[in-house]
Amino acid sequence: MTIVEQTADWITGLVQRHTAGWSLEQPFYTDPAVFQADLARIWYKYWVYVGHASQIPHPGAFFTTSIGDEPIVIIRDDDRQVRALVNVCRHRGSLVCNEPSGTVKKLVCPYHQWVYNLDGSLRAAKLMPETLDKSQFGMFSLPVRVLEGFIFVSLAENPPDFDSVMELYRPHMAMYDLPHTKIAFSTTYAVQANWKLIAENFRECYHCGVGHQEYCSVIIGANLDAGREKARQVREESYRRWAGKGIPTTRSLFDSSDVWYYHERYPYQPGFTTMSRDGKPLAPPLGQLEDIDVGVWSIVQYPNFWLDVNHDYAWVMHLNPVSATETNVTASWLVRAGAVEGQDYDLERLMWFWKTTAEQDWQLCQDNQAGVNSRFYRPGPYSDYAEGGPGQFVDWYLGELGVNSAD
């Protein structure tokens, strides 16, 4: 048996002996071999969020990113279509784009100056024979979907159906005119934690009452120790009111272990109209919204996409795994495309809610990783009441590793 086969069998054994309703064994959060399996069986299979269309406003505009070990360039071609290209020259494998972003007329490999069109097709190969079939040496193109300005890429030849999922989202997104938004601010955190610990953290509010007092002051029901009946009543009343105004209230929940996407509209604390310190608007309404009583509409999509849309701004978070114990997390705040900082919105006030909450979470996740690293760590049971989210995520994750264990 080869080392690769032995490793695959070992991971399969880890999956099979997992106790349902408990956290994962240590290697799932710390071992490089499991991390590589995560990349191969999940990150290179699913739709991964990489950025926003406002980052590439015109033909030739690009930004570079990666999914695991795979370098990618996102570029708008001459027909204004969004392209996702593997950022690898077809000559001898150099990176073609080595800047984080910019604008180009053509893509030129800095090593031997092979020239590619904006769609990735090979245009010129210096000092190569005339018999070279350029059509066979274009940059590899990846499947890409643009959901109301949000760009998703898959490294799989046959990725999961995403078109039908996008159709579920669109009725909820239409009122916000999200394609005509811009990133007011974006920042990336190097979080010293496995990507799964971050995903688990963002799937529960067991920790919110103590860990996120600011979050609980804005979102009703976030503090699971208080006001459960009031939160239920406010939610039911909000749904009746929204439905009466024609605001979509349908939702897709994580109701089984094979579901990888969720969306739902939910209310704030009474008196709040957005995610702000005092509940008052922070920026001009998105789209053509006149009635700002729309709550917050949210997406969670495995493995890396979190989105909250208020009437005046949207916040998006995405994960990019670096190693078994490190994850880059990018947070971005979006406002109307024509909004002017200092005039239409104050950046510090706009960022307060999610900057505060997210940075609290990064510390919690890093503390979690530090404890998991201990030789004394053992899996523990999830709360049936408060940690159904992490339990569903772990079941989905193990299902993906198990299904693909022979790969």
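See the values below:
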quantity	calculated
Residue tally, condition more than 12 Å from Val394 (Cβ to Cβ) and not small (Gly, Ala, Ser), over the range 15-37	10
Residue tally, condition under 17 Å from Gln360 (Cα atoms) and surrounded by 19 or more Cβ atoms within 10 Å (Cβ to Cβ), over the range 320-335	4
Filtered residue count, the range 341-372, keeping only those that are surrounded by 14 or more Cβ atoms within 10 Å (Cβ to Cβ) and part of a loop (DSSP other than H, G, I, E, B)	1
Any hit, the range 45-56, residues being closer than 27 Å to Ser186 by Cα and surrounded by fewer than 18 Cβ atoms within 10 Å (Cβ to Cβ)	yes
Some residue of the range 101-119 being surrounded by 22 or more Cβ atoms within 10 Å (Cβ to Cβ), at pLDDT 95 or above and either touching an Asp or Glu at 6+ places or on another chain (Cβ under 8 Å) or of a type in the set (S, T, N, Q) (or both)	yes
Tabulated pairs, the range 94-112, first more than 19 Å from Asp77 (Cβ to Cβ), second part of a strand (DSSP E or B) and among the hydrophobic types (A, V, I, L, M, F, W, C), C-beta under 7 angstrom, 6+ apart or interchain	Pro100/Phe63
Helices (runs of 4 or more DSSP H) (entirely within the range 102-212) containing at least 2 residues that are over 20 Å from the mean Cα position of the chain (by Cα)	208-211
Complete set of residues in the range 287-307 that are in contact with a strand residue (DSSP E or B) (Cβ under 9 Å, 6 or more places away or on another chain) and either under 16 Å from Tyr49 (Cβ atoms) or surrounded by fewer than 16 Cβ atoms within 10 Å (Cβ to Cβ) (or both)	Ser298, Ile299, Val300, Gln301, Tyr302, Pro303, Asn304, Phe305, Trp306, Leu307
Single match in Gln343, Gln366 (criterion: of a type outside the set (A, V, I, L, M, F, W, C) and under 21 Å from the mean Cα position of the chain (by Cα))	Gln366
Breaking point among (1) of a type in the set (D, E, K, R); (2) within 20 Å of Glu167 (Cβ to Cβ); (3) part of a helix (DSSP H, G or I), for Glu229	(2)
Candidates Gln26, Gln55, Gln36, filtered to the one that is within 27 Å of Tyr261 (Cα to Cα), at pLDDT 95 or above, under 17 Å from the mean Cα position of the chain (by Cα) and not aromatic (Phe, Trp, Tyr)	Gln55
Subset tally (residues that are crowded, with 19+ Cβ neighbours inside 10 Å and in contact with a strand residue (DSSP E or B) (Cβ under 8 Å, 6 or more places away or on another chain)) for the range 166-189	7
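The values are calculated or read from the model by the stated rules, or taken from the named source; none is laboratory data. Just so it is clear, the structure is predicted and the values come from calculations on it, not from any experiment. Note that we place each Cβ from the backbone using ideal geometry, even for glycine, and neighbour counts take in every protein chain shown.
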